[in-house]
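Below: the structure, in structure tokens.
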Amino acid sequence: MVCVTTPPYTLNVNGQSFGFFHGKRGLRRGDPLSPLLFTICMEYLSRILNVVAQQEGFRFHPICGKIKLNHLLFADDLLMFCKGTTSSIMWLLRGFSTFSSAYGLKLNKDKTNIYFNGVKGELIADIVNISGFRVGSLPFKYLGVPISSEKTTKFEGNKLIKRIVARIRSLGAR
């Protein structure tokens, strides 16, 4: 907010500047600064989640471990990946909590799901209790790309990421 409320602003109409004023209310939808500030915020979240990945007790999802992938960001969506252990989930939640405390952004639990593959029922119940998230069902589509369990498709992590990137690029070209 310091970046938004401290500089003076001026209105430019037909090439002429009219007065100065300070931004007091923050950003509004459609503000040209919004994408830049959002990108800065998501960079901070990305760095936090990269630190989380280095913590003792955090384990990557088996498909994502080779490339050390624990999250994907696109627009206002966040996908987080880890091995289905309580310690890994706790590290991701702790990282997101750090981010949330810094920016005041919260998860919308009505729009948040957690997906499991090969995790036992009792552990699922513990993780759901810890996270407070709803259990989603596989497969689901993200940006038109089917996301499914390792058992139903033989995606390698790199192939899945390439398909997601290709889909994102095709949406940007429209």
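The values are calculated or read from the model by the stated rules, or taken from the named source; none is laboratory data. Nothing here was measured: the structure is a model prediction, and the numbers come from that model. When we count neighbours, we look across all protein chains shown, and the Cβ atoms used for this are built from the backbone with ideal geometry, even at glycine. What goes into the accessible areas is simple: the full protein's heavy atoms, side chains included, and nothing from ligands, DNA or RNA. Shrake-Rupley method; radii C 1.70, N 1.55, O 1.52, S 1.80 Å.
Couple of notes before you dig in:
- Some residue of the stretch 110-128 being under 13 Å from the mean Cα position of the chain (by Cα) and in a loop (DSSP other than H, G, I, E, B): yes
- Of all residues in the stretch 17-38 being at pLDDT below 80 and closer than 21 Å to Ser100 by Cα, the one that is least open to solvent (accessible area, probe 1.4 Å): Gly26
- If the condition is being among the acidic types (Asp, Glu) and at positive phi, then the stretch 88-134 contributes no residue at all.
- The residues of the stretch 51-63 that are within 20 Å of Asn129 (Cα to Cα) and either open to solvent by 60 Å² or more (accessible area, probe 1.4 Å) or not in a loop (DSSP other than H, G, I, E, B) (or both) amount to a single one, Arg59.
- Residue list for the stretch 49-63, filter: at pLDDT below 95 and either among the acidic types (Asp, Glu) or within 24 Å of Lys111 (Cα to Cα) (or both): His61
- The stretch 125-146 residues that are over 19 Å from Ser88 (Cα atoms), paired with ones that are open to solvent by 70 Å² or more (accessible area, probe 1.4 Å) and in a loop (DSSP other than H, G, I, E, B) (beta carbon under 6 Å, 6 or more apart): Leu138/Tyr115; Pro146/Pro139
- Pairs meeting the criteria (first residue in the stretch 80-93 and among the polar types (S, T, N, Q), second residue in a helix (DSSP H, G or I), beta carbons under 7 Å, at least 6 apart or on different chains) are Thr86/Asp126; Thr86/Ile127; Thr86/Ile130.
- Residues located in the stretch 1-16, provided they are of a type in the set (Val, Ile, Thr) and modelled with pLDDT of 75 or more: Thr10, Val13
- Among (1) modelled with pLDDT under 90; (2) open to solvent by 40 Å² or more (accessible area, probe 1.4 Å), the one test that Cys41 misses: (2)
- Any hit, the stretch 71-90, residues being open to solvent by less than 50 Å² (accessible area, probe 1.4 Å), modelled with pLDDT under 95 and more than 21 Å from Gly136 (Cβ to Cβ): no
- Of all residues in the stretch 95-112 being without any contact (Cβ under 8 Å) to a residue 24 or more places away in the chain and within 17 Å of Phe81 (Cβ to Cβ), the one that is most open to solvent (accessible area, probe 1.4 Å): Leu107
- Listed conditions (1) surrounded by 15 or more Cβ atoms within 10 Å (Cβ to Cβ); (2) at pLDDT below 80; (3) more than 14 Å from Ile63 (Cβ to Cβ) are all met by Val128, apart from (2).
- The listed residues are Lys106, Lys66, and the only one of them that is part of a loop (DSSP other than H, G, I, E, B), closer than 18 Å to Arg163 by Cβ and basic (Lys, Arg) turns out to be Lys66.
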